[in-house]
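For reference, the structure discussed in these notes is given below.
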Amino acid sequence: MTAPHREPSPRTPYALTVDAGSRDLRAADHLLRTLAAELGLAEGVFGCTHLLRGERPRVAVSLAPETAVERDDLRARLAARGYEAAEGVPDPVGRAVLYRGADRLRGTTTVGELLSGSAIDRVTVLGAPDEPAPSARLVTNDHVRPQWRDGELVLTAMPAAGGTLVPFEVPEPTPCCADH
């Protein structure tokens with residue numbers, strides 16, 4: 001199965017998309033981490049999830065190495081594991097799971113440390129007109145999922161207890177109507 005072809009982001013010109021039929025974000029995140037481990041992906045490879053709508057909604061994943069040679073090698077290694085990889089990404093707003101510095105975003109950090117130590121370009125706060133100060137504390141909950149917006153990797157955060165921030169996406173979301 002393949003996702004529709006779209007042009008990759010300027011930051012991910014060598015992207016490949018794999019549609020393994022994942023039904024939710026958790027399964028797609030797991031697939032990305034599994035592929036990263038099994039294929040020995042370099043830290044500079046972006047791995048994103050993409051929601052595919054239509055008759056059969058699902059979540060595809062994209063992998064974007066830094067060079068065309070790495071892309072071609074990755075395509076061959078994916079094929080050897082039974083995955084068909086389409087050129088490009090299905091949409092320009094992928095949700096990043098694998099990116100430089102992602103594994104180091106644990107516990108509490110500052111916005112400045114997050115920006116300097118990862119591929120994330122900027123942080124926005126829901127309901128706030130301005131970006132947070134570099135000294136603002138961010139409680140990561142070990143789950144930081146920025147999204148591509150206009151060629152930038154942007155983390156959306158929200159205010160939390162004690163004047164801290166937390167990523168908008170939580171690791172264990174409560175399903176809709178869970179209490180019914």
Checklist entry - Restricting attention to region 118-132, does a residue exist that is touching a strand residue (DSSP E or B) at 6+ places or on another chain (Cβ under 8 Å), surrounded by fewer than 19 Cβ atoms within 10 Å (Cβ to Cβ) and closer than 24 Å to Ala27 by Cβ? => result yes
Checklist entry - Across region 87-101, which residue is farthest from Thr34 (Cα to Cα) among those that are at pLDDT 95 or above and not in a loop (DSSP other than H, G, I, E, B)? => result Arg95
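So that you can scan it fast, the table gives a plain yes or no per residue for (1) over 23 Å from Glu172 (Cβ atoms); (2) in contact with a strand residue (DSSP E or B) (Cβ under 6 Å, 6 or more places away or on another chain); (3) free of Cβ contacts under 8 Å to residues at least 24 places away in the same chain; (4) assigned by TED's automatic domain parsing to the domain that holds Ile120:
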residue: His30; (1), (2), (3), (4): no, no, yes, no
residue: Ala37; (1), (2), (3), (4): no, no, yes, no
residue: Gly54; (1), (2), (3), (4): yes, no, yes, no
residue: Ala76; (1), (2), (3), (4): yes, no, yes, no
residue: Arg81; (1), (2), (3), (4): yes, no, no, no
Checklist outcome for this item: Taking first residues from region 147-164 that are free of Cβ contacts under 8 Å to residues at least 24 places away in the same chain and second residues anywhere that are surrounded by 13 or more Cβ atoms within 10 Å (Cβ to Cβ), the pairs with Cβ under 6 Å that are 6 or more apart or on different chains are Ala160/Val166
Checklist entry - Can you tell me which residues in region 83-102 are surrounded by fewer than 18 Cβ atoms within 10 Å (Cβ to Cβ) and free of Cβ contacts under 8 Å to residues at least 60 places away in the same chain? => result Val93, Arg100, Gly101
Next on the checklist: I'm trying to understand the selection: among the residues of region 1-17, which are β-branched (Val, Ile, Thr) and either more than 14 Å from the chain's Cα centre (by Cα) or modelled with pLDDT under 95 (or both)?
Outcome noted: Thr2, Thr12
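Here is a yes/no grid of residues against (1) closer than 26 Å to Arg23 by Cβ; (2) assigned to a loop (DSSP other than H, G, I, E, B):
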{"position": "Ala42", "(1), (2)": "no, yes"}
{"position": "Leu63", "(1), (2)": "yes, no"}
{"position": "Val69", "(1), (2)": "no, no"}
{"position": "Ala119", "(1), (2)": "no, yes"}
{"position": "Ala128", "(1), (2)": "no, yes"}
Item to check | Residue match in region 85-101 (condition: among the acidic types (Asp, Glu) and under 20 Å from the mean Cα position of the chain (by Cα)) | outcome: yes
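The values are calculated or read from the model by the stated rules, or taken from the named source; none is laboratory data. This is a predicted model, so every value here is computed, not measured. Here the Cβ is made from the backbone with ideal geometry for all residues, glycine too, and neighbour counts use every protein chain on show.
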